[in-house]
Amino acid sequence: MVGIVVDGEPHEVPAGGNLLQSLLSLGLDLPYFCWHPALGSVGACRQCAVVQYRDENDVTGRVAMACMTPVAEGLRIGLKAPAAVEFRAGIIELLMTNHPHDCPVCEEGGECHLQDMTVMTGHTFRQYRGLKRTHRNQYLGPFINHEMNRCIACYRCVRFYRDYAGGDDLQVFASRNQVYFGRFEDGALENEFSGNLVEVCPTGVFTDRTFSAHFTRKWDLQTAPSVCVHCGVGCNTTPGERYGTLKRVINRYHGDLNGYFLCDRGRFGYGFVNCADRLTEPMLHGQPVTRAEGRARLRDVTFKGAIGIGSPRASLEANFALRELVGPENFYAGCADADYAMLDTIRRVLASWPVHSPSLREVEGADVVLVLGEDVGNTAPRLALAIRQATRNCMLAAAAELKIAPWQDAAVRELAQQVRGPLFVLATTGTRLDELAEVVVRRTPADIARLGFAIAHALEPAAPAVSGLSDEDRQHAESIAEALKRADNPLVVSGTGSGEPAIVEAAAQIACALSRRRKQPASVSFVVPECNSLGLMLLDPKRLGKALESAESGSVPAAIVLESDLFRSARTEAVESFLSRVGETVLLDHSPQATAHRAQIVLPVGTFAETEGTFVNGEGRAQRFFAAMSPRGAAMDSWRWLAEAHPRHDWQCLDEVTGACAAAIPVLARMVDAAPRADFRIDGLKIPRQTHRRSGRTAASAHIDIREPQPQDDTDSALAFTMEGDAFDAPAALRTYSWAPSWNSNGQSIAKFQDEVGGALRGGDPGVRLFEPVQRGAAPWFTEIPRAVAAEPGVWLTVPRYHVFGSEALSARAESVVERIPAPYVALHPSDLARLGHADSVELNWHGFREVLPVLADDTVVPGTIGVPVGLPGMPCGPCPRTLALRKAEPHGSGVST
Amino acid sequence: MSGTATPLTQNVRLDGAAATLEQYRRTGGYRGLERALEELPPEAVQQEVKDAGLRGRGGAGFPTGVKWGLVPMGDDAGQKYLVVNADEMEPGTFKDRYLMERDPHQLIEGVAIAAYAVQASVAYVFLRGEYHLAAERLKRAMAEALDQSYLGSNICSSSFSLELHLHSSAGRYICGEETALLNSLEGKRATPRAKPPFPQISGLWGRPTVVNNVETLCNVPHILREGVAWYRALTASVDPGTKLFGASGRVRRPGLWELPMGTTIREIIEDHAGGMRDGYRLRGLLPGGASTDFLLPEHLDVPMEFDAVAKAGSRMGTGTMIVLDDRTCPVQMVLNLERFFAQESCGWCTPCRDGLPWTVRLLEDLVAGQGRAEDLEQLGRLCRLMGPGNTFCALAPGAAEPLQSALKHFLGDFERYLPRQSEVA
């Protein structure tokens, strides 16, 4: 800490920071634009001016930019000095010479950082008489609207998009007061983090196009703290509702997890909540029935001795309620058996191996990263963004040697040029992180696993050796092991995406070998497929295949399927057979899917935006999410349907289910601490989901009933569907919105809720880490090393491929996302495609079904393998077969008439 | 050899052609380089230039040897660069062009010595895009120098090698700012960089880099060849050496002359430029190019040396003065300059990007008879907003200098444009 003097008052601030960040961390207000806590300082906007004094005798001082001024012992500055105040007002006045006065029709209005800063500096009277410069706006795709006339040229958009997120299709053009931020031509922004521009832009140049389609002012939104459901990272979000529609999702800062940024799937995937074809009424054989009838049927089915199939995208509470209802011995996982096997390994490794599962902030601190068999950029984009930052650490260290502070963003990047810290990508196909990697090795899944095991052996001879490795791969293994040995903070990243269980084992093996060498737990980060994949596994379900097998023997009288589409998790034939043999099938879900058409009873449940519960992300962090709105029609929380059907349990509220789950499952004991209980109050009041500025409360539903409706009660949480109460002082896990006096924008106001700007949320970041490294015992090595797969003529080994947009089922239903989903295809190496006679499409045998798909040449595909995109709408149903026989499709062979 | 009183221009030919290699060598060309390579370790070359007291001729006047001394030396210092700032775009300035067109080998020798002194193995000449003739002559001279082993591998049989590249700029005033120049050279937007870190630490492609002005480097061969004492004796001024001084405007003989540092403005205007043209009186002058404050006739006896011009309230800048006569409107002159600066703003920082267009707008209103009394105060405010330290680089403070000094010295001219109260109605 160093002592500085601000307006004559002494303060202590951490050494090494810049003055702007230090002042904001002290809780002082100083306007700024171009600086961002995650992007650092560049000194462009000149808004954060203060007066800096040489010493206590200097009364004049000189104007200095706080963001570019390092704090040092004895630094004396004037925040309120007239020269600083006048200068800051002058800068705003200059920025406003070209800014349109369109706040009343601008979607940023009310949460606009430029508005806030204009008010803060006191600029009210316009003296500039000239015309404003105007620009032509661009079509930037389904996510982002563009209004360049509002631009104040802070350069944050390009700095985020290009420098931070690695995009290259947003650029700054022209010069002087004509600088233009856009694409070289109209078209969708390609980078999967484009949605952050909405929050990074201090004004309304980049706004949320999906929000625009049903716009509501920030203060009219009803919001709640939530957790993203579109991958296993568990980013914190704030969904907002008005008039029964989920209007948007914005980032909810979490110091250890997502920080300031979300991926576009997480931000725009919410559209599925608003789909008109949602399941909203209980259905019996296709006919709507009452909730009571639905409940009765569920009870009947339970009495028959139903099995339960849990869900990787339903809450722990919902899964636990199902498990209780059917009994642990009848509880199965609603995911593919291959995923199950990998998740089972991950569960065991996290629970009982000497390895550490890092948070995203810890990922950002890694100095050597090895990615094994996972296309993180497409399966867990936010994790990939963290890895991207980690690759800068070597140059931050080099900068530090030259006394360039890490927040001197432009200087560090200039010094670094294209140099990136060691990142090794060993993958089964091309991945999004390849462009950053020092070494990219592409092999078949088995060979990637073998390479992984070889690295573990090279690190720690006690780990089993791999025989029959090629010279090239042995060299790779040795050089990567060397780099990992040298690292201060090595990180291994893997996941379930490859579909090869041995890859997950190999990743764990490497981390374990590192832990042994280092005599302290090494970090391994696993990507899991869904938002609660790991949570489901912690409830110890059996694999789905077992359920299918027992049905074959006719011993399954009924099945209760929770928020899963069995047709995505098992072969069509097997699911068909299962459903026809099971006496009765009950499906609880919120969106139409293939299993819903086959279930006799369908019970509607709420989505993440309408229900409450706990998810466990890939890190092993239990996080509570809360409803931003009431479910539609007769839908309710899944756990409530299941609890009401239970013959003995009399659970009335979520806390009781959470408590019972925590009591029953030792590893989940701390899940109760993920958020305060429903009886939490501030001054006797719950935390309001509505803002203190909410308009039309008495009129919003006057066209239905002239009387103001009674606010809906929420017995499950400490949040209320009202305006009354204190949202400002709420604990982080219950904070419904980020809003502070003078700071109305989401990204900037959060500073008022952090310990220090960019640090942890005050009172601690929410969520509970369930696993800490186990130090005891000898390393339990995996000893079964797969054999290299020999190519068979005419048969291709399948390799799953992922797409940010399309591979995840819920977001793929969102209207805006649909535009970004690729058409179905398979990919072959150009040489293999040549062997097939340069076909445009191929005919393949998919679990006995003949399918014809367009084929793409892609030189990142390993020869002898075929890349099969996962989950894309239009692709054949069910998990991908391990191998595919294929041939060139004959013209018109598909039978499609034109 | 006794040396000449005008070392920089001694080889200038009256026929306008470039001095040939042979001619250059006849007056001692490349002997400075040979001496440096044969007799002096790099640090000693730095020391000689330091001792000579050479100050940068690009405008800021930073001691050249000191600048070189900030470059990390030693075997582990890695790749380093020398960059010649030949992007001469300061309005009223044409001295570097003259040196490059008339005696290109002098620059090449200066580059080679400077690169040796900082142990840079690659050098670039960043040349103003419009300087086609200079480009042609430099290219030819570079080929000759390469052929004669003054450039390339193992220069003059020494262990020192230097690759020299000529880069013609796409053409922006801001490229003359050394860090914007580096960005431009890297193929990026010509936006200045924050300092620190200085280019000597992290410059071109993040490597230690020295950026020197053409004229500065042209001094170096003579210092190395003729010695520090000779160089310091070229002038009685506190600033050693000679300098190309120029004068443009309504003087009798506009031009460029190599004169000792410290030559008075009067001598430059009256003796060398021949005084004002008939019918014109001197009203003021911008002593060092467009981005310097006006000086007045009362300053005629100010010597052209860095500190003396600063003390008089302006900057020596490039030393090429623009003369304002009594029949040219200072307001129109300033408007013309501000239009240029507004056009050339890179768009990075707010005071420059948005302040200069407003300045232009106010001046345009004024000369169109639509000004308001408060506009003059607003112009003053804008000048203060664009003042040194308030902006990201020196462009806007430079742009403010002619305006702020014109407002001070020629306020009546501004006020004359204001509509009379009765006209305002």
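The values are calculated or read from the model by the stated rules, or taken from the named source; none is laboratory data. Worth saying up front: this structure is predicted, and the values here are computed from it rather than measured. We place every Cβ from the backbone using ideal geometry, glycine too, and count neighbours over all the protein chains shown. Keep in mind that these areas ignore ligands, DNA and RNA; they rest on the heavy atoms of the full protein, side chains included. Shrake-Rupley method; radii C 1.70, N 1.55, O 1.52, S 1.80 Å.
Mind checking which residues of segment B:133-154 are within 29 Å of the chain's Cα centre (by Cα), under 14 Å from B:Tyr30 (Cα atoms) and part of a helix (DSSP H, G or I)?
Answer for segment B:133-154, where residues must be within 29 Å of the chain's Cα centre (by Cα), under 14 Å from B:Tyr30 (Cα atoms) and part of a helix (DSSP H, G or I): B:Ala141, B:Met142, B:Glu144, B:Ala145, B:Leu146.
Quick test of your reading of the structure: A:Lys542 fulfils all but one of (1) touching a residue at least 40 places away in the same chain (Cβ under 8 Å); (2) in contact with a helix residue (DSSP H, G or I) (Cβ under 7 Å, 6 or more places away or on another chain). Name the failing condition by number.
(2)
A quick yes/no check of all residues on (1) within 23 Å of A:Pro381 (Cα to Cα); (2) assigned to a strand (DSSP E or B); (3) among the basic types (Lys, Arg):
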residue	(1), (2), (3)
A:Val440	yes, yes, no
A:Asp447	no, no, no
A:Ala458	no, no, no
A:Gln475	no, no, no
A:Glu478	no, no, no
A:Glu482	no, no, no
A:Ser494	yes, yes, no
A:Glu505	yes, no, no
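Applying the selection to segment A:185-208, what residues are surrounded by fewer than 24 Cβ atoms within 10 Å (Cβ to Cβ) and more than 16 Å from A:Leu262 (Cβ to Cβ)?
Of everything in segment A:185-208, those that are surrounded by fewer than 24 Cβ atoms within 10 Å (Cβ to Cβ) and more than 16 Å from A:Leu262 (Cβ to Cβ) turn out to be A:Glu185, A:Asp186, A:Gly187, A:Ala188, A:Glu190.
Which condition number does B:Asp239 fail, the rest of (1) assigned to a loop (DSSP other than H, G, I, E, B); (2) open to solvent by 30 Å² or more (accessible area, probe 1.4 Å) being met?
In the conditions (1) assigned to a loop (DSSP other than H, G, I, E, B); (2) open to solvent by 30 Å² or more (accessible area, probe 1.4 Å), B:Asp239 misses (2) alone.
For the structure I just gave you, tell me whether A:Gly871 is under 17 Å from A:Ala791 (Cα atoms), open to solvent by less than 70 Å² (accessible area, probe 1.4 Å) and in contact (Cβ under 8 Å) with a residue 24 or more places away in the chain.
no
Please verify whether A:Gly110 is over 18 Å from A:Ser745 (Cα atoms) and either out of contact with any Cys (no Cβ under 7 Å at 6 or more places or on another chain) or assigned by TED's automatic domain parsing to the domain that holds A:Ala44 (or both), treating the condition exactly as stated.
Values: over 18 Å from A:Ser745 (Cα atoms): no; either out of contact with any Cys (no Cβ under 7 Å at 6 or more places or on another chain) or assigned by TED's automatic domain parsing to the domain that holds A:Ala44 (or both): yes.
Criteria not met by A:Gly110.
Out of A:Gly377, A:Gly373, report the one residue that is on the phi > 0 side of the Ramachandran plot, buried (at least 24 other Cβ atoms within 10 Å of the Cβ) and either at pLDDT below 95 or not acidic (Asp, Glu) (or both).
Step by step, each of A:Gly377, A:Gly373 is checked, and only A:Gly373 is on the phi > 0 side of the Ramachandran plot, buried (at least 24 other Cβ atoms within 10 Å of the Cβ) and either at pLDDT below 95 or not acidic (Asp, Glu) (or both).
Just give me the residues in segment A:133-150 being open to solvent by 20 Å² or more (accessible area, probe 1.4 Å) and under 27 Å from A:Trp743 (Cβ atoms), in sequence order.
Passing the criteria: A:Asn145, A:Glu147, A:Asn149, A:Arg150.
Find the strands (runs of 3 or more DSSP E) located wholly in segment A:71-189 whose residues include 3 or more that are more than 24 Å from B:Pro351 (Cβ to Cβ) and away from every other protein chain (no Cβ under 14 Å), and list them.
On the way: elements: A:76-78, A:144-146, A:171-173, A:180-182.
Answer list for segment A:71-189: A:144-146.
Given the conditions (1) in contact with a strand residue (DSSP E or B) (Cβ under 8 Å, 6 or more places away or on another chain); (2) more than 14 Å from chain B (Cβ to nearest Cβ), report the number of the one that A:Gln475 does not fulfil.
With respect to (1) in contact with a strand residue (DSSP E or B) (Cβ under 8 Å, 6 or more places away or on another chain); (2) more than 14 Å from chain B (Cβ to nearest Cβ), A:Gln475 is out only on (1).
Could you grab the pairs with beta carbons closer than 8 Å, sequence gap of 6+ or different chains, first residue in segment B:164-175 and away from chain A (no Cβ under 11 Å), second one polar (S, T, N, Q)?
B:Ser169/B:Ser184; B:Ala170/B:Ser184; B:Cys175/B:Ser169; B:Cys175/B:Ser184
Considering only residues that are small (Gly, Ala, Ser) and in contact with a Leu (Cβ under 7 Å, 6 or more places away or on another chain), which ones fall in segment B:352-371?
First, pick out the residues of segment B:352-371 that are small (Gly, Ala, Ser): B:355, B:368-369, B:371.
Those that are small (Gly, Ala, Ser) and in contact with a Leu (Cβ under 7 Å, 6 or more places away or on another chain): B:Gly355, B:Gly371.
Could you tell me whether any residue of segment B:346-363 is part of a helix (DSSP H, G or I), under 24 Å from B:Leu256 (Cβ atoms), open to solvent by 10 Å² or more (accessible area, probe 1.4 Å) and within 14 Å of chain A (Cβ to nearest Cβ)?
The answer is no; no qualifying residue exists.
Please list, ordered by residue number, the strands (runs of 3 or more DSSP E) wholly in segment A:283-373 having 2 or more residues that are over 25 Å from A:Val229 (Cβ atoms). It would help to see each step written out before you state the result.
Working: elements: A:307-310, A:331-333, A:368-372.
Answer list for segment A:283-373: A:368-372.
Filtering segment A:40-56 down to residues that are in a loop (DSSP other than H, G, I, E, B) and open to solvent by less than 10 Å² (accessible area, probe 1.4 Å), which residue is farthest from the other protein chains (Cβ to nearest Cβ)?
A:Cys48
Being part of a helix (DSSP H, G or I), more than 16 Å from A:Pro490 (Cβ to Cβ) and open to solvent by 20 Å² or more (accessible area, probe 1.4 Å) is true for just one of A:Arg388, A:Arg382. Which residue is that? Explain how you work it out, then say what you get.
Working: A:Arg382 fails: open to solvent by 20 Å² or more (accessible area, probe 1.4 Å).
The conditions single out A:Arg388.
Can you pull out every residue in segment A:837-855 that is exposed (fewer than 15 other Cβ atoms within 10 Å of the Cβ) and touching a residue at least 12 places away in the same chain (Cβ under 8 Å)?
The first filter runs over segment A:837-855 and keeps only residues exposed (fewer than 15 other Cβ atoms within 10 Å of the Cβ), leaving A:837-838, A:840, A:848-850, A:854.
Correct list: A:Gly837, A:Asp840, A:Gly848, A:Phe849, A:Pro854.
Name the residue that is farthest from A:Gly110 (Cα to Cα), counting only residues in segment A:663-693 that are open to solvent by less than 40 Å² (accessible area, probe 1.4 Å) and in contact (Cβ under 8 Å) with a residue 60 or more places away in the chain.
Restricting to residues being open to solvent by less than 40 Å² (accessible area, probe 1.4 Å) and in contact (Cβ under 8 Å) with a residue 60 or more places away in the chain, the top hit is A:Ile665.
Determine whether segment B:260-269 contains at least one residue that is surrounded by fewer than 20 Cβ atoms within 10 Å (Cβ to Cβ), part of a loop (DSSP other than H, G, I, E, B) and more than 19 Å from the chain's Cα centre (by Cα).
no
With segment A:193-280 as the region, which strands (runs of 3 or more DSSP E) entirely inside it contain at least 3 residues that are in contact (Cβ under 8 Å) with a residue 60 or more places away in the chain and not polar (S, T, N, Q)?
On the way: elements: A:206-208, A:236-242, A:245-251.
Because the criterion is at least 3 residues that are in contact (Cβ under 8 Å) with a residue 60 or more places away in the chain and not polar (S, T, N, Q), the strands (runs of 3 or more DSSP E) in segment A:193-280 that meet it are A:236-242.
Could you identify the single residue in B:Arg420, B:Arg381, B:Arg416 that is within 14 Å of chain A (Cβ to nearest Cβ), more than 27 Å from A:Arg156 (Cα to Cα) and without any contact (Cβ under 8 Å) to a residue 24 or more places away in the chain? Before you say what the answer is, go through the steps one by one.
On the way: B:Arg420 fails: within 14 Å of chain A (Cβ to nearest Cβ); B:Arg416 fails: within 14 Å of chain A (Cβ to nearest Cβ).
Residue meeting the stated conditions: B:Arg381.
Could you list, in sequence order, the residues of segment A:694-718 that are touching a Phe, Trp or Tyr at 6+ places or on another chain (Cβ under 9 Å) and open to solvent by 60 Å² or more (accessible area, probe 1.4 Å)?
A:Gln712, A:Asp713, listed by residue number.
In segment A:573-625, how many residues are open to solvent by 10 Å² or more (accessible area, probe 1.4 Å), more than 18 Å from A:Ala635 (Cβ to Cβ) and part of a loop (DSSP other than H, G, I, E, B)?
3
Would you check which residues across segment A:12-31 are open to solvent by 10 Å² or more (accessible area, probe 1.4 Å), in a loop (DSSP other than H, G, I, E, B) and either aromatic (Phe, Trp, Tyr) or touching a residue at least 24 places away in the same chain (Cβ under 8 Å) (or both) and list them?
Selection gives A:Pro14, A:Ala15, A:Gly16, A:Gly17, A:Gly27, A:Leu28, A:Asp29.
Condition check: free of Cβ contacts under 8 Å to residues at least 12 places away in the same chain, within 13 Å of chain A (Cβ to nearest Cβ) and surrounded by 15 or more Cβ atoms within 10 Å (Cβ to Cβ). Does B:Arg339 satisfy that? Explain how you work it out, then say what you get.
Numbers: free of Cβ contacts under 8 Å to residues at least 12 places away in the same chain: no; within 13 Å of chain A (Cβ to nearest Cβ): yes; surrounded by 15 or more Cβ atoms within 10 Å (Cβ to Cβ): yes.
The answer is no for B:Arg339.
Taking segment A:400-418, which residues are buried (at least 19 other Cβ atoms within 10 Å of the Cβ) and facing another protein chain (nearest Cβ under 8 Å)?
A:Ile404, A:Gln408, A:Ala410, A:Ala411, A:Glu414, A:Leu415, A:Ala416
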